[in-house]
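Single-structure report; data block below.
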Amino acid sequence: MPKVIIAPDKFKGSLTAPQVAAAVARGLREAAPDVDVRLLPVADGGD
């Protein structure tokens, strides 16, 4: 089973890092249901 780590930063002014990770995971799982997806939202320390 393929494994994917989704580790995004926020989309400033629109989505938090956890929201971005969840949205990407939903799309990935829809396209490839057999993928083992792990979410690791991060922050770059910016504003």
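Here are the numbers for the structure shown:
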quantity	calculated
In degrees, nearest ten, helix 17-31 long axis to first principal axis of the chain (Cα)	20 degrees
Accessible solvent surface per residue of the chain, calculated while the other protein chains remain in place, 1.4 angstrom probe, Å²	74 Å²
Percent accessible area from carbon and sulfur atoms, the chain, protein chains only, probe 1.4 Å	60 percent
Contour excess over end-to-end distance, with Cα ends at residue 11 and residue 29 and 0.36 nm allotted per residue	4.4 nm
Cα shape, the chain, gyration tensor, a/c 1.5 rule	oblate
Unit charges on C-beta of K, R, D, E only; dipole of the chain, Debye	80 debye
Relative packing of 27-39, 6-18, which averages over residues the other C-beta atoms within 10 Å, highest first	6-18, 27-39
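The values are calculated or read from the model by the stated rules, or taken from the named source; none is laboratory data. In this text, all values refer to a predicted model and were calculated from it rather than measured experimentally. When we count neighbours, we look across all protein chains shown, and the Cβ atoms used for this are built from the backbone with ideal geometry, even at glycine. Just so you know, the surface numbers come from the protein's heavy atoms only, side chains and all, with ligands and any DNA or RNA stripped out. Shrake-Rupley method; radii C 1.70, N 1.55, O 1.52, S 1.80 Å.
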